[in-house]
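J.: Sharing a structure, written as structure tokens. Questions coming.
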């Protein structure tokens, strides 16, 4: 019996088996890489998107604060801060947190809200408000809302600036330390107060800002770095600084302006705080109390944020490439199998058995 020559389309069994194993292994590896990159993508892409949003908000203090609050503010923190503020008798700060919770859709316990309202009613008693106003008017120390109003009123009628000049002069006569900054602020305040009346109120923010700066100086709210800068600033720069602080005072109150000074290190910081308060208003105190400098500046370095973005893009592109390669190999394997089947059928027809 004659032996037929093997068809070129017939592969040796061991060769065919090895080819199938290698093809399956290649497909498995491609799918494994795709799964690993998918897991990495699920972790890195949200971080990359968040980093991109953060970088885009660099020049928008209100947006920076919102992004930071997304990560840190909730009902538990709001309740804790409100209880702390009420314990310290600071109803203004407690109300600021209530407004912030309302803006962000954070539900507060009704009992806690009722406690705040009762504390506000007690603080609004006429006798208490009059005494506090008078204390702020004559001493220039803003201990609460009423005393803060008295302090501003005293400066607006020049009394506060004259009082500070006389006080520092008396210290000098007695051989005690004189605060040159308070003297400079008081002198500038007298000039600006005249400008308030002449300009019909256009200089009011600068006037209010100077009052806050004097109160901050006496109360120790000014940081060392900011104080150093202010001491060497020209009068026009001091007036601009006071105007920015006055805008914070108008939107967030005197206590809000004083709290803002605690986190300011340069006059430019106060300009950013003014932009924040222009959007957030009475909620500014709560935001500054909770976030500190993170309320106006991105605390993560730009290099780190850029690295997150690049890593997210790398993982996303790698995942897409791995999926493409896996699909190509699966398709190639399927096409190869179909081709072999067709060749086997054609061979069975062309070469009769026997």
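Where a number appears in this text, it was derived from the coordinates with a stated rule and is not lab data. Because the structure is predicted, anything quoted here is derived from the model rather than measured. We place every Cβ from the backbone using ideal geometry, glycine too, and count neighbours over all the protein chains shown.
J.: When the chain is fully extended, how far beyond the present Cα-Cα distance does residue 334 get from residue 70, taking 0.36 nm per residue of separation? Intermediate values should be presented prior to the final figure.
T.: Values: separation 264, 0.36 × 264 = 95.04 nm, distance 4.90 nm.
Here the answer is 90.1 nm.
J.: For the residue pair residue 166 and residue 218, what label-to-label distance in nm results when each label sits 7 Å from Cα along the Cα-to-beta-carbon direction?
T.: Here the answer is 1.3 nm between the modelled labels.
J.: At 0.36 nm per residue, minus the direct Cα-Cα distance, what do residue 228 and residue 59 gain on full extension? Give it in nm, one decimal, please. Can you show the working numbers first?
T.: Details: separation 169, 0.36 × 169 = 60.84 nm, distance 2.53 nm.
Going from the current span to full extension adds 58.3 nm.
J.: Mind ranking 336-343, 241-248 by how tightly packed they are, going by the mean number of other C-beta atoms within 10 angstrom, highest first? If you can, show how the numbers build up before the last one.
T.: Working: 336-343: 12.0, 241-248: 26.1.
So the order, starting with the most tightly packed, is 241-248, 336-343.
J.: A further question on this structure: Could you compute the FRET efficiency for residue 124 and residue 317, with r as their C-beta to C-beta distance and R0 at 41 Å, rounded to 0.05?
T.: On the way: r = 62 Å, r/R0 = 1.50.
For residue 124 and residue 317, the calculated efficiency is 0.10.
J.: Expected output is a single nm value to one decimal: the length gained when fully extending between residue 297 and residue 348, i.e. 0.36 nm times separation in residues minus the C-alpha distance. What is it? Walk me through the numbers on the way to the answer.
T.: Values: separation 51, 0.36 × 51 = 18.36 nm, distance 7.73 nm.
That works out to 10.6 nm of additional length.
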